[in-house]
1. Leaving out ligands, DNA and RNA but keeping every protein chain, what accessible area does Asp103 have, in Å² rounded to the nearest 10, with a 1.4 Å probe?
2. From the P(r) of region 167-206, could you give the percentage of C-alpha pairs in the tail past 17 Å?
3. What residue among Ile240, Gly19, Thr87 has its Cα farthest toward the positive end of the dipole of the chain, where the charges are +1 on Lys, Arg and -1 on Asp, Glu, each on the Cβ?
4. Label points 7 Å out from Cα along the Cβ direction at Arg277 and Asp160: separation in nm?
5. Across the chain, where is the longest run that never hits chymotrypsin sites (Phe, Trp or Tyr not before Pro) in a DSSP loop with at most 16 other C-beta atoms within 10 Å?
6. What is the helix-to-structure angle for 71-82, meaning the angle in degrees between its Cα long axis and the longest Cα principal axis of the chain, kept from 0 to 90 and rounded to the nearest 10?
7. Using a probe radius of 1.4 Å on heavy atoms only, what accessible surface per residue do you get for region 1-153? Whole Å² is fine.
8. For a quick check, take a GNM of the chain with Cα springs below 10 Å and name the residue from Asp62, Asp169, Asp253 with the largest mean-square fluctuation.
Amino acid sequence: MSAAPDRQTTLQIDCVIIGAGPVGLFQAFQLGLQEIPCQIVDALPHAGGQCVELYADKPIYDVPGIPVCSGRELAERLQQQLAPFKTPLHLGQQVEGLVRQDDGRWRLQTSAGLVLLARAVVIAAGVGAFVPRRVAIDGLSSFEGRQVHYHAVEPDRLKDQRVVVQGGDEAALETALQLAASGQCASVTLLHRNSKFKADPALEAALQQALADGRIALALGQPVGLQPSADGQRLAALEIAIDDEHTETLAADALLPRLGLSPKLGPIADWGLAMERKLLSVDPATLATSLDGIHAVGDICHYPGKRKLLLCGFHEATLAAFAIAAWLRPEQRQLLQYTTTSPRLHELLGVAGKSDRA
Ligand SMILES: Cc1cc2nc3c(=O)[nH]c(=O)nc-3n(C[C@H](O)[C@H](O)[C@H](O)COP(=O)(O)OP(=O)(O)OC[C@H]3O[C@@H](n4cnc5c(N)ncnc54)[C@H](O)[C@@H]3O)c2cc1C
């Protein structure tokens, strides 16, 4: 995985995939079988898309050949399958711009300043980029990444700090409990608008126990303002409205808002691609969009009969890989090779010469 670049970095490649959800990951695998080097960009700090973000621990029963696996497990298996191709993943950055260059290549620009120049692009953006719901307090955004963390943060970065976790659902409770268990923070406070939580009973029982033991403190109210440090450089405390008339001050060295994620189609709608009801119209035979060199697969694409299912996304990724190979190498005859028997595919997968499985 690449770190977000400080300055603008430009990479030139054959193909870029926007989205490291299950379909984007399988797309990279299929492109690998076609010997098309690609790189993936995702707004989330990890791969797996909806499977990891929306139902990581829930079971999936309809992936062929896997009677049951969790969302997280499927994402892990897809990454294992992709491993032989060593596909670079640029995580935690949203693709904001997609513009055609004079030489026909596509120029992608990410929110972290990365520029990718590619001959082909696959949009596997699902329901859009998952963006954490922001806390609406004036001035808070200037502390993001330093003291305000919307995504997972290692407990040792919060060593000896007074940490406030905001939210009342599973993500908030899990974060507060994990930090309390790490024993690294000076204090852990769960901040929620009321004492009703949206979490499974076992998690809530664990929270109640931690509150009773004093490992976690509970603050009820809504953050409405902030207090900076004397030099204005750091966040020192939050102002919490506890009812219509009263506010309290809550000291905070770090704020971890866990208010859920909302998918945002975002800039994709501005790239000049033909759309139907916020989805990208594609040819079901090739998954080509209305613009040359750009394909769309998975939940983001639309054609008659489209179903938003993993299996359908995997099928689309396979057809798109063949179509992209034909687009990039029009002079080459396309062969259908089986992973079971093709020596070339065995070489690509790093299994050449390995003995057959019983
Ligand atoms: C609760 C739930 C249960 C489900 N259960 C099943 C099931 O049992 N079986 C089944 O077949 N399907 C199931 N599905 C549907 C399945 O999860 C989706 O069909 C699948 O996730 C689609 O994969 P995808 O890769 O197209 O999109 P996603 O999983 O949505 O991934 C898209 C990725 O693109 C990224 N992205 C978007 N825009 C940008 C951008 N501009 N820049 C950078 N990154 C971007 C997003 O951050 C995201 O990670 C379920 C869905 C839900 C919500």
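The values are calculated or read from the model by the stated rules, or taken from the named source; none is laboratory data. This one's a predicted model, so the numbers in the text were calculated from it and none came from an experiment. Cβ: placed from backbone, ideal geometry, glycine included. Neighbour counts: every protein chain shown. Protein only, heavy atoms only, side chains kept; ligands, DNA and RNA dropped before computing areas. Shrake-Rupley method; radii C 1.70, N 1.55, O 1.52, S 1.80 Å.
1. 100
2. Above the 17 Å cut-off, region 167-206 has 26 percent of its Cα pairs.
3. Towards the positive end, the residue furthest out is Thr87.
4. 5.7
5. Details: sites that count: Tyr55, Tyr61, Tyr338.
It runs 62-337.
6. With both axes taken from Cα atoms, the answer is about 40 degrees.
7. Values: 6830 Å² over 153 residues.
Per-residue accessible area for region 1-153 comes out at 45 Å².
8. For the chain, modelled as a Gaussian network with Cα springs under 10 Å, the answer is Asp62.
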